[in-house]
Amino acid sequence: MSFDIVNPKYKQEAAGRVEVSASGDVMHEAVCMDQCDGDLAPMLVKPATFQKAAIASSSTLGGSDNVVTITLQPPMHRALRRS
């Protein structure tokens with residue numbers, strides 16, 4: 001069996017407890033699942049952040065052409081390995 005879960009767009013704390021049960025031809029009562037801690041905790045959603053967020057303009061003179069440059073650099077996350 002599998003199912004999809006979509007994380008919300010905003011910060012969410014990790015689930016304190018996760019239980020799984022099944023019904024149908026073969027029933028299983030709720031069983032508490034082993035969980036990871038820290039950044040691998042289930043249902044943990046961190047808010048969007050940027051390692052660098054900057055804005056600059058090419059001119060401060062009224063009536064002149066101006067180029068506005070916005071730089072956003074997301075943090076670099078190390079790849080997680082699961083065994």
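Read-outs: derived from the displayed coordinates by stated rules, not from any lab. Remember, predicted model here, so these are calculated numbers, not experimental data. So basically every Cβ, Gly included, is an ideal-geometry build from the backbone, and we count neighbours across all protein chains shown.
List of remarks:
- Region 10-83: GluC sites (Glu not before Pro) falling in loop per DSSP and having at most 13 other Cβ within 10 Å: GLU13
- Modelled spin-label separation between SER64 and VAL6, with each label point placed 7 Å from Cα along the Cα-to-Cβ direction: 4.8 nm.
- When each of the peptides 66-74, 39-47 is scored by the mean number of other C-beta atoms lying within 10 Å of its residues, the order from highest to lowest reads 39-47, 66-74.
- Multiplying the residue separation of SER21 and GLN35 by 0.36 nm and removing their Cα-Cα distance gives an extension gain of 3.4 nm.
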